[in-house]
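Read-outs throughout are calculated quantities, based only on the coordinates presented, and are distinct from any laboratory measurement. All of these numbers come straight from a predicted model, not from anything done at the bench. Here the Cβ is made from the backbone with ideal geometry for all residues, glycine too, and neighbour counts use every protein chain on show.
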Ligand code: SF4
């Protein structure tokens, strides 16, 4: 199953709706390694880096992700789903 399908199954959010507008960019805070919009693009590319980047585990990014997508994607739900997926893969 692709990362996009996994996210859709868990959250009902279809990342294909992302228009790469970068409106969700909140900058790269100290506990982030990539911008939030890049994390979304990694999901679209089915790139497992999405499960390993520091941004996924950033609490400030999670907080800022709430309501950040102007196209109506629930990015905080997406991040939480990815965290669970990452834990599953690493056996945590
Ligand atoms: S604001 Fe929404 S549509 Fe725009 S890049 Fe971010 S996730 Fe995609």
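Odds and ends about this structure:
- Exposure proxy order (Cβ contacts within 10 Å, fewest to most) of 32, 79: 32, 79
- The stretch 3-90 - Debye-derived log10 I(q)/I(0), Cα point model, q = 0.14, 0.17, 0.21, 0.23 Å⁻¹: -0.39, -0.59, -0.95, -1.17
- Label-to-label distance for residue 90 and residue 60 is 2.0 nm, based on points extended 7 Å past Cα in the beta-carbon direction.
- Mean sequence separation of contacting Cα pairs (under 8 Å, at least six apart), scaled by the length of the chain, corresponds to a relative contact order of 30 percent.
- Extended-chain gain in nm, criterion 0.36 nm per residue less alpha-carbon gap, residue 49 and residue 20: 8.6 nm
- Here the peptides 50-63, 17-30 are ranked by packing, the mean other Cβ count within 10 Å, and the order with the highest first is 50-63, 17-30.
- Gained length - residue 83 relative to residue 29, 0.36 nm times residue gap less alpha-carbon distance: 17.6 nm
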